[in-house]
């Protein structure tokens, strides 16, 4: 696995990490045994950056990572998030006491005294803009409970608000072939300020997996069933904000562009990695084979300028106008 330096932390991390939302909730059922096997497979394939959140299965995802750390003593970079867990819930989650409460609860589930990175989990923009919450994170960093902090955001406007904090270590953003706005609005500033960029949803909730059709259905507990049009949370977190059938059709138009010997999901991940502003991509996985497959893109050659130009044109001409939600 190739590594990249994670911004101001100076830590080297495998450029393909693992997002563990799938192991907690909202992607259909994943058994405890499968979840643990998925973590092991990712690590054995070279993944050293694990992303989680307290709200993923009400602590379930963090608990799996804690169990994995205990059994393996693996040297991995663990990033968690807070802000959406209940109790106490919104807006009480954004108090000094709640920030501490949720951080200490995550540490307990992870089985560690200090988490490498804690992330604001898509908080209301006005909470970020006030800035108090960053002071409370600095207190926790001084106490040694967190190593660094960042903001996981929905839009580029929110990302730029976060960038006002001089010691912000990273930003977590939605970025994929269907969500190209960060290239022109964020990348240069992030590189200048040495802010690491964590890329979530690189396969656009599976649209760029290449296997879906307009007739594909999802389990009742899968957010691709209950949030396809933003019914429960930001629509951008599901199918990159695209209407499902439109997203399937757009994914099909990309298939003729795939380099020989490369699958669509491999092209999608490789596309993200071709940008040097990206520090780590965090595709999810529901089983060990998916975790192993994710890491294969790291060994592939860059896509090349001509293909990048084609994909930029497809985005501008066919995709951008259909994206819904904060962006």
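The values are calculated or read from the model by the stated rules, or taken from the named source; none is laboratory data. This structure is a prediction, so every number in the text was calculated from the model and none was measured. In this analysis, Cβ positions are derived from the backbone assuming ideal geometry, glycine residues included, and neighbour counts consider all displayed protein chains.
Structural remarks
- The set of residues from segment 112-122 being surrounded by fewer than 20 Cβ atoms within 10 Å (Cβ to Cβ) and within 13 Å of residue 50 (Cβ to Cβ) comprises just one member, 112.
- Scanning segment 231-244 for residues that are exposed (fewer than 15 other Cβ atoms within 10 Å of the Cβ) and either under 15 Å from residue 204 (Cα atoms) or touching a residue at least 40 places away in the same chain (Cβ under 8 Å) (or both) returns no hits.
- Qualifying position, being closer than 27 Å to residue 278 by Cβ and modelled with pLDDT of 95 or more, among 35, 105, 58: 35
- Matching helices (runs of 4 or more DSSP H) fully within segment 209-282 where at least 1 residues are farther than 29 Å from residue 196 by Cα and within 21 Å of the chain's Cα centre (by Cα): 223-226, 244-254
- Cβ pairs under 7 Å, 6+ apart, first in segment 32-43 and farther than 15 Å from residue 294 by Cβ, second surrounded by 21 or more Cβ atoms within 10 Å (Cβ to Cβ): 35/23; 35/64; 36/64; 36/68
- Here residue 113 does not qualify as within 16 Å of residue 145 (Cβ to Cβ) and within 19 Å of the chain's Cα centre (by Cα).
- Residue within segment 79-86 that is on the phi > 0 side of the Ramachandran plot and out of contact with any helix residue (DSSP H, G or I) (no Cβ under 6 Å at 6 or more places or on another chain) present: no
For (1) buried (at least 20 other Cβ atoms within 10 Å of the Cβ); (2) touching a helix residue (DSSP H, G or I) at 6+ places or on another chain (Cβ under 8 Å); (3) touching a residue at least 12 places away in the same chain (Cβ under 8 Å), each residue gets a yes or a no:
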| site | (1), (2), (3) |
| --- | --- |
| 128 | yes, yes, yes |
| 136 | no, yes, yes |
| 147 | no, yes, yes |
| 160 | no, yes, yes |
| 172 | yes, no, yes |
| 178 | yes, yes, yes |
| 181 | no, yes, yes |
| 201 | yes, yes, yes |
